[in-house]
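Since every read-out is calculated from the coordinates, none of them should be taken as a lab result. Computed from a predicted structure; not experimentally measured. Heads up, the Cβs are rebuilt from the backbone with ideal geometry, glycines too, and the neighbour counts pull from every protein chain shown.
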Amino acid sequence: MNIDCSKYRNADIQILIHHIYEYNKGIRNMILHTMSSEQRDLAEFILNQKNIDYIVQEVNSNKINIFFGSKYCVDIIRSFENIVLSDYTPEQDFILGIMLGYDRKEQCKRYIKMHAKRESQVLVAD
C-alpha cells in the first residue's frame, strides 16, 4: 500500500514518510524519528500499514522518539528496557549510533569521551 504524502501537511509526518522511504530503499537499517506526541497514532498507523517494526519512547509530554526499521535493530533498542536516550550507557549509545549509520570514527571518539566521563564520575562518587 502506498501512502499519499500530499494529504499529510504536518512536517512530522512528512519527515516520517521520507524516513520510511529511505528504510525501504535500504539506505538505512534503522531510524530514530523524534516528533510531536500529537501525531503518535497516525505515525503508528502508517508504520503498521507498512509492516515496519518499531518502538515508541516518550521524551516528554509533547515529544516522542520512534525507533523503527530492521526487527533486529529494534529488538536491540527493546533490550535497553525503555530507558531514555540521556541515560544510555556509553556502550548503548555507541550501539545506537552505529545502527543509525553515524560515522564510525566519530562514534568511537564519542564512546571514549562518554566512557572517560562515566569513569571519572564513579571515582568522584567513591
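Taking every alpha-carbon pair under 8 Å whose residues sit at least 6 apart, the chain reaches a relative contact order of 20 percent. A Förster distance of 25 Å, applied to the separation of the beta-carbon atoms of N24 and E91, puts the FRET efficiency at 0.25. Rounded to whole Å, the principal axis extents of the Cα atoms in the range 74-116 read 26, 22, 11, largest first. Computed from the C-beta positions of N62 and Y102 and an R0 of 30 Å, the FRET efficiency is 0.70 to the nearest 0.05. Here the translational diffusion coefficient of the range 55-126 follows from Stokes-Einstein with Rh set to the Kirkwood radius across Cα pairs; for 10 °C and 1.306 mPa s it amounts to 118 µm²/s. Estimated at 0.36 nm per residue, the fully extended path between Q14 and D41 surpasses their Cα-Cα distance by 8.3 nm. Radius of gyration (Cα atoms) of the range 27-83, expressed as a multiple of 2.2 N^0.38 Å: 1.07.
Projected label points at E81 and T34, each 7 Å from Cα along the beta carbon direction, are separated by 2.5 nanometres.
As a proxy for reagent exposure, I13, I76 were ordered by neighbouring Cβ count within 10 angstrom, fewest first; the result is I76, I13. Could you please state, rounded to a whole Å, how far the C-alpha centre of the range 22-59 is from the C-alpha centre of the range 74-107? Using only Cα atoms, the two centres lie 17 Å from each other. Over the Cα atoms of the chain, the radius of gyration divided by the Kirkwood radius equals 1.03; this is the Rg/Rh ratio.
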